[in-house]
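Input: a single structure, listed below in structure tokens.
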Amino acid sequence: MHRKKLDIKILLIGPLPKPIHGMSLCNSICLKIFKERLSKAYSINTAHKKFNENLGKFNFKLALNFAGYYFQSYKIFKADKVYITIGQTFLGVLKYSPFILLSKLLKKELIVHIHGNYLHLRYKDLKGLKKLCIRFLMKHFDKGIVLSEKFKINLKPFLKKEKIFVAVNFFEEKFLSNAKEKNFESLKICYLSNLMKEKGIFDLINALIIFNKKNKNFKAKIAGQIDMKARQFFFNKIKTLKNIEYLGVVEGAVKRNLLRDSNVFILPTYYKMEGQPISIIEAMASGNLIISTAHAGIPELVEDEVNGFLVNKKSPEEISDKLFFLANNLCVLKDFSLRNINKANLKFSLKNFEKTMINIISK
């Protein structure tokens, strides 16, 4: 049934794929929702075309590249509402200032969406002019969206509590699996995220090196973008392990099949700007047991020994121990698989996300 579109013209400003990461993926889905449900939807794609592990630090070339996006500011004139997914560092907020100030000058409703839990920590550390600058810019927003109740702390210094809303992350329906169709006869391990040190990729590799010595049957597939500076180090680490395969960047059917063919998903992250990793939610919907850390919004996705395991940060030995336990108790995998499919379906469906976002935008 065709739904009547709401008479709202919106401009989305933020990174869109490629490169693919949680925020760019979420923005692409939001843009699709806005185009389907609102009368007009425009966008300004602020993505850095090359993956860089050190985003958030000043880089003249990147700053010059970003400045080019300001020429698209004319799109603000067309919109009623401006939705911005800012960064969580001083520069991550500051670079959006021309969009924020012009939107306010033109009396557009400004909506900010924070995809992590780092902004309040960074703001607390700022002093003097930098702190005043961020406060000045953030106070211009009319509404704010965060990933969980716990994350509201990021916007409390700037917005009234009734103007801060929660929209939990989601999975696309194509990732939903049936536990009956999955193979639990041996460990099939998957890592799907950018290959950054803070995402725990090298903790996972070291864990697999330790686990490999225990003579248990397993296969591990690793997918994601890697910074050129870390590339050689990564390949040197995995070359001794014949049962590890690096797939590069995956999307579409390849990504879907990777998650469906796996039964254990590992993301031992301590990334400071982590939020609610969409990759974990997709892995849950695909029926994988999750091994991760009690970091950022992950404990809201993963309950220790209920639908996965939470390990300490930077602890390859602990990851290896969990894998050894699972290798000796493969029956656990199916139980956890069913729990994750049910939990993802109940709490993190795209349908729920769409309903929440449209309610917030249209208020």
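The values are calculated or read from the model by the stated rules, or taken from the named source; none is laboratory data. These numbers come from a predicted model, not from an experiment. FYI the Cβ positions are ideal-geometry reconstructions off the backbone, even for glycines, and counts take in every protein chain you see.
Taking the stated definitions as given, is ARG260 part of a helix (DSSP H, G or I) and either over 25 Å from PHE324 (Cβ atoms) or of a type in the set (Ser, Thr, Tyr) (or both)?
no
Take LYS229 and decide whether it is outside any helix (DSSP H, G or I) and either in the same structural domain as PRO268 (by TED's automatic domain parsing) or out of contact with any Pro (no Cβ under 7 Å at 6 or more places or on another chain) (or both).
For LYS229, the condition - outside any helix (DSSP H, G or I) and either in the same structural domain as PRO268 (by TED's automatic domain parsing) or out of contact with any Pro (no Cβ under 7 Å at 6 or more places or on another chain) (or both) - is not met.
Consider only pairs whose beta carbons are under 9 Å apart and that are at least six residues apart or on different chains; among these, list those whose first residue lies in segment 347-361 and is farther than 14 Å from PHE34 by Cα and whose second residue is polar (S, T, N, Q).
PHE348/ASN169; PHE348/GLN276
ASN178 versus (1) modelled with pLDDT of 95 or more; (2) out of contact with any Lys or Arg (no Cβ under 6 Å at 6 or more places or on another chain): which is the lone unmet condition?
Going through the list (1) modelled with pLDDT of 95 or more; (2) out of contact with any Lys or Arg (no Cβ under 6 Å at 6 or more places or on another chain), ASN178 breaks only (1).
Considering only residues of segment 165-177 that are out of contact with any Phe, Trp or Tyr (no Cβ under 9 Å at 6 or more places or on another chain) and not hydroxyl-bearing (Ser, Thr, Tyr), which is nearest to HIS140 (Cα to Cα)?
For segment 165-177, the residue satisfying everything is PHE165.
Of the residues GLU162, GLU149, GLU185, which single one is touching a residue at least 40 places away in the same chain (Cβ under 8 Å) and charged (D, E, K, R)?
Of GLU162, GLU149, GLU185, the one residue that is touching a residue at least 40 places away in the same chain (Cβ under 8 Å) and charged (D, E, K, R) is GLU185.
Somewhere in segment 216-224, is a residue more than 19 Å from GLU318 (Cβ to Cβ) and either at pLDDT below 95 or surrounded by fewer than 16 Cβ atoms within 10 Å (Cβ to Cβ) (or both)?
Yes, segment 216-224 has at least one match.
Please identify the pairs in which a residue from segment 255-266 that is in the same structural domain as GLU185 (by TED's automatic domain parsing) and closer than 20 Å to ILE20 by Cα has its Cβ atom under 8 Å from the Cβ atom of a residue that is aromatic (Phe, Trp, Tyr) and assigned to a strand (DSSP E or B), counting only partners at least 6 apart or on another chain.
LEU259/PHE265; PHE265/TYR191; ILE266/TYR191
Counting only residues that are in the same structural domain as PHE184 (by TED's automatic domain parsing) and acidic (Asp, Glu), give me the helices (runs of 4 or more DSSP H) lying completely in segment 287-363 with at least 1 of them.
Where helices (runs of 4 or more DSSP H) fall fully within segment 287-363 and carry at least 1 residues being in the same structural domain as PHE184 (by TED's automatic domain parsing) and acidic (Asp, Glu), they are 316-328, 331-347.
Does TYR270 fit the bill of being in contact with a strand residue (DSSP E or B) (Cβ under 9 Å, 6 or more places away or on another chain) and either in a loop (DSSP other than H, G, I, E, B) or over 21 Å from PHE218 (Cβ atoms) (or both)?
Yes; evaluated as a whole, the condition is true for this residue.
What are the residues in segment 301-333 that are in contact with a Pro (Cβ under 9 Å, 6 or more places away or on another chain) and small (Gly, Ala, Ser), if any?
Scanning segment 301-333 gives a single hit, SER315.
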